[in-house]
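A short write-up of the structure that comes next.
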Ligand SMILES: [Zn+2]
């Protein structure tokens, strides 16, 4: 909360304190020296009797008037962040507010910095988690993409397009065809980057399909699903998706990469902190 807002919020409570517990406190709050030593306000007392405020000084006080102990006063509005901890201290010392009431407002500047740091760390740990996830996914992708270590040549691509009549394997459009993995290359689907799993796709289908399996993407479109399956078979592409052993190994690799990535992120952060 901004200091001005905080002070404003507690004005009624401060004056209630004067009325109930310490009537002399109001006189002190109208004294410049007391305001200086208590709040470190430099040029104006905490409050002044409303009729006595000069017109040219009026701007230094909030407009609202308070009737306290037979006086009508206005409160100084010249608060900056530097006054905050003195003001909070005052509230706590007089028992006008409790720490719980003030929640974060009672924090000293060191505590405030520590809290900010903690929040930043928490934010960073989210980045850390996504960095680990990325490392894991990249690693799995890398393994799957290089199984068999064979090249998908330009000639393979031409033949693949011919098989699909130079049109998108998903919608039949012949607009700007791109190479697409029918079974996506990830830990769940275990597709590979090799002949048989690569089909022509238009830009729009490629984008919409994203990391879906071609069967999920095509849904009811049995004809197109069968055509792709036929193509896979004709190129001897044996899908890994039912191979439990490979699934297990990829799971192991996935977990191992998380440990390695986390370890190095921690080490690098430590180096950067110094
Ligand atoms: Zn398409």
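The values are calculated or read from the model by the stated rules, or taken from the named source; none is laboratory data. Given the structure is predicted, the values throughout are model-derived calculations rather than measurements. Counting neighbours? That spans all protein chains shown, and the Cβs are built from the backbone with ideal geometry, glycine included.
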Of the conditions (1) within 46 Å of the chain's Cα centre (by Cα); (2) assigned to a strand (DSSP E or B), the single one that residue 72 does not satisfy is (1)
task = Consider residue 33 carefully, then state whether it is surrounded by fewer than 16 Cβ atoms within 10 Å (Cβ to Cβ) and part of a helix (DSSP H, G or I).
result = yes
Per the filter on region 48-65, residues under 15 Å from residue 7 (Cα atoms) and surrounded by fewer than 19 Cβ atoms within 10 Å (Cβ to Cβ) are 60, 62, 63, 64, 65
Across (1) under 28 Å from residue 154 (Cβ atoms); (2) more than 35 Å from the chain's Cα centre (by Cα); (3) free of Cβ contacts under 8 Å to residues at least 60 places away in the same chain; (4) within 16 Å of the ligand (Cβ to nearest atom), residue 223 clears everything bar (1)
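With 132, 183 as the choices, which residue is buried (at least 20 other Cβ atoms within 10 Å of the Cβ) and more than 16 Å from the ligand (Cβ to nearest atom)?
Among 132, 183, only 183 is buried (at least 20 other Cβ atoms within 10 Å of the Cβ) and more than 16 Å from the ligand (Cβ to nearest atom).
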>> Given the condition at negative phi, assigned to a loop (DSSP other than H, G, I, E, B) and either at pLDDT below 95 or away from the ligand (no atom under 16 Å from the Cβ) (or both), answer yes or no: does some residue in region 107-122 qualify?
In response: yes
Over region 17-47, the set of residues within 16 Å of residue 72 (Cβ to Cβ) and either at pLDDT 95 or above or touching a helix residue (DSSP H, G or I) at 6+ places or on another chain (Cβ under 9 Å) (or both) is 18, 19, 26, 27, 29, 30, 45, 46, 47
### Message
Would you confirm, using the coordinates I've provided, whether residue 197 is touching a residue at least 12 places away in the same chain (Cβ under 8 Å) and in contact with a helix residue (DSSP H, G or I) (Cβ under 9 Å, 6 or more places away or on another chain)?
### Response
yes
Review point. Is it the case that region 202-214 has a residue that's closer than 26 Å to residue 248 by Cβ, in contact with a helix residue (DSSP H, G or I) (Cβ under 8 Å, 6 or more places away or on another chain) and within 12 Å of the ligand (Cβ to nearest atom)?
Key: yes
The residue from 153, 80 that alone is at pLDDT 90 or above, over 22 Å from residue 237 (Cβ atoms), more than 24 Å from the chain's Cα centre (by Cα) and away from the ligand (no atom under 16 Å from the Cβ) is 80
Of (1) under 37 Å from the mean Cα position of the chain (by Cα); (2) crowded, with 19+ Cβ neighbours inside 10 Å, residue 196 satisfies every one except (1)
If we keep only residues of region 139-170 that are assigned to a helix (DSSP H, G or I) and touching a strand residue (DSSP E or B) at 6+ places or on another chain (Cβ under 7 Å), then the residue surrounded by the most Cβ atoms within 10 Å (Cβ to Cβ) is 160
